[in-house]
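The structure appears below as C-alpha cells.
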Amino acid sequence: MILGIESSCDETAAAVVRAGRETLSNIVASQIATHARFGGVVPELASREHLRNIVPVVRAALEQAGVGLRDLDAIAVTSGPGLAGALLVGITYAKSLAYALAKPLIAVNHLEGHIHAVLLEAAAKEGAPIETPETPILALVVSGGHTHLYLADYIHEDNTDSSWHYENVGRTVDDAAGEAFDKVAKLLGLPYPGGPWIDALAPHGDPKAVPFAFAQVKNKVGKQRPAFEAGGPEPKTMFSFSGIKTAVLRYVETHDLKSSCSARQQALAALTAPRPSDAVALCDAQTLDLIASFQHAVVGDLLSKTFRAAGALDVRSLLVTGGVAANSELRTRFIAEAAARNLPIAFPSLALSTDNAAMIAAAAWPKLVARDFAGPGLNADPSLSLGRG
Ligand code: KG4
Ligand code: ZN
C-alpha cells in the first residue's frame, strides 16, 4: 500500500493505492481559486498553498482509505518536473514522513505519473496483465506544462527486475498545448484555467471558420535518433504552439475584438461562480468561431503528428494523458482515428487526466517491487526529464 504525494504545480494531492491497481483514496485540493485572478499559477502563492494543504490532504487520503500511517509500505512523491518551491513542499513532507515511520521513500517523475494514470485504470480491470495497454505504447502526455510523446515498453528482464522503460520521441519546442489553451482563453477574456472553457464553448462555433495553419517544425536536436525496440531510426516529432497563440492575438486585433474581450473578462469576473453558459451568452458568433477553430487546429495538429509517429514506430497501442486529454473534441477525434487504424487507444478517466496523486502512487508500485528507493538527499528537480531521448 503506497501513499502518493503530488505538489508539482497548483494541486496538492494525496492518495493511497494498493499494488499499483486499487485506488483506496484520491484527494485533490485545487488552488484554482487562488491563482484565477492572476490568470495563471503564481509560484510563490502555490508553495504557500501547498504548505497549508499538505497535512489536511494527507490526513483525508488516509481517512478515506481507512488506513493508518503504520499500514503503509512506502511513501511516494513527485520529485519533478514542476515548480521548485511547490515540489519542495511535497518532497520535504514525504521525506519527513518516511524517516519518522522508517518506511521507504520513492521518487516519481510527474510525467511517468501521468502515464500511470492510464495504466492504473487498465490494471484495475480484474485480471489485466501489467503490460496493458499492449506494448510498446506511444504515450502523448499533453498538459499545461508538457507536450511530449513517449515510447513506453514493459521490459521483462528477469523475475525481480522487470520495469517500464521510456524513450522521448517527441516534444514541443515552445509552449505546451495546455498553455496555448490557457493563454488564448485569457486573451479572449475567459477564466483560468482556460482549457475547460474553450472545450465548453467550441461546440457553439464553426471549427472551419478560421483556417489556422501549423508550420512543420524541423528537428533541431539532431536529424535522426535510434528508436528503442520498435523500428528503425525515426526523426523526433516536434510540436509548436506559440505560433497559433500569436495568430489568435492577430485575429483579435485585426477584427477589433479587443474591447469585447475585456468586457467579457469583467462581466465574468463580476459573477461569483461563472459557468460556460454565462460565457456563451457573452460571446458573439465571430468569437465562438475563433474558439472552435483554435481548438480544432490544436487537436488536429496533436492528432496528425501523434498518429504519424505511431505508424512510423509501429506501436501496439496509444495512450493520451494529462490535463488536455480531458478535452472532448480531442477524445472524439483520437478515438475515431484510432478505430479507423485499428489501433487500441486509452485515456484516463476525467478525474485522473489532471494532476492527482493516485497516478504517483501507481507509478511507484513497480519501483517498490524493484526496491528502487530514494535516499534522504532527494531534492526537487524542476526540469527532470523522463527516460531516454
Ligand atoms: O495535467 P494538468 O492538471 O497540469 C499540468 O501538469 O500541467 O493540466 C492542466 C492543463 C491546463 O492547461 C488546462 O487548461 C488543461 O490542462 N485542460 C484542458 C481541459 N481540462 C484541462 N484543456 C483542454 N480541454 C479541457 N477540457
Ligand atoms: Zn500534470
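Data table
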{"item": "So L288, is it more than 14 Å from ligand 1 (Cβ to nearest atom), surrounded by fewer than 23 Cβ atoms within 10 Å (Cβ to Cβ) and assigned to a loop (DSSP other than H, G, I, E, B)", "result": "no"}
{"item": "So L384, is it crowded, with 22+ Cβ neighbours inside 10 Å and either under 19 Å from T12 (Cα atoms) or hydrophobic (A, V, I, L, M, F, W, C) (or both)", "result": "no"}
{"item": "Those residues of the stretch 20-62 which are surrounded by fewer than 19 Cβ atoms within 10 Å (Cβ to Cβ), in contact with a Pro (Cβ under 9 Å, 6 or more places away or on another chain) and either of a type in the set (S, T, Y) or not in a helix (DSSP H, G or I) (or both), in sequence order", "result": "A29, G39, G40"}
{"item": "Identity of the residue in the stretch 13-40, within 16 Å of ligand 2 (Cβ to nearest atom) and without any contact (Cβ under 8 Å) to a residue 60 or more places away in the chain, that ends up nearest to R59 (Cα to Cα)", "result": "A29"}
{"item": "Residue within the stretch 153-164 that is among the hydrophobic types (A, V, I, L, M, F, W, C) and modelled with pLDDT of 95 or more present", "result": "no"}
{"item": "Residue list for the stretch 345-389, restricted to those being closer than 27 Å to G311 by Cβ, more than 16 Å from ligand 1 (Cβ to nearest atom) and either assigned by TED's automatic domain parsing to the domain that holds N109 or aliphatic (A, V, I, L, M) (or both)", "result": "I345, A346"}
{"item": "Condition check for A185: outside the structural domain of P276 (by TED's automatic domain parsing), part of a helix (DSSP H, G or I) and buried (at least 20 other Cβ atoms within 10 Å of the Cβ)", "result": "no"}
{"item": "Residues that are modelled with pLDDT under 95, open to solvent by less than 50 Å² (accessible area, probe 1.4 Å) and of a type in the set (A, V, I, L, M, F, W, C), drawn from the stretch 205-253", "result": "F212, F214, V217, A227, F228, A230"}
{"item": "Selected residue [touching a His at 6+ places or on another chain (Cβ under 9 Å) and assigned to a loop (DSSP other than H, G, I, E, B)] from L343, L386", "result": "L386"}
{"item": "Options G82, G145: the member that is surrounded by fewer than 24 Cβ atoms within 10 Å (Cβ to Cβ), under 18 Å from the mean Cα position of the chain (by Cα), in contact (Cβ under 8 Å) with a residue 12 or more places away in the chain and not in a helix (DSSP H, G or I)", "result": "G145"}
{"item": "Residues that are open to solvent by 60 Å² or more (accessible area, probe 1.4 Å), within 21 Å of H114 (Cβ to Cβ) and out of contact with any helix residue (DSSP H, G or I) (no Cβ under 6 Å at 6 or more places or on another chain), drawn from the stretch 324-348", "result": "T332, I335, P344"}
{"item": "Residue among A281, A297, A339 that alone is over 30 Å from V28 (Cα atoms) and touching a residue at least 40 places away in the same chain (Cβ under 8 Å)", "result": "A297"}
{"item": "Residue list for the stretch 106-129, restricted to those being of a type in the set (V, I, T) and either within 16 Å of ligand 2 (Cβ to nearest atom) or open to solvent by 10 Å² or more (accessible area, probe 1.4 Å) (or both)", "result": "V108, I115, V118"}
{"item": "Exclusive hit being more than 10 Å from ligand 1 (Cβ to nearest atom), closer than 22 Å to A357 by Cα, among the β-branched types (V, I, T) and under 13 Å from the mean Cα position of the chain (by Cα), set I91, I106, I115, I130", "result": "I115"}
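The values are calculated or read from the model by the stated rules, or taken from the named source; none is laboratory data. Given the structure is predicted, the values throughout are model-derived calculations rather than measurements. Don't worry about glycine lacking a Cβ; one is built from the backbone with ideal geometry, like all the others, and counts go over all protein chains shown. Protein only, heavy atoms only, side chains kept; ligands, DNA and RNA dropped before computing areas. Shrake-Rupley method; radii C 1.70, N 1.55, O 1.52, S 1.80 Å.
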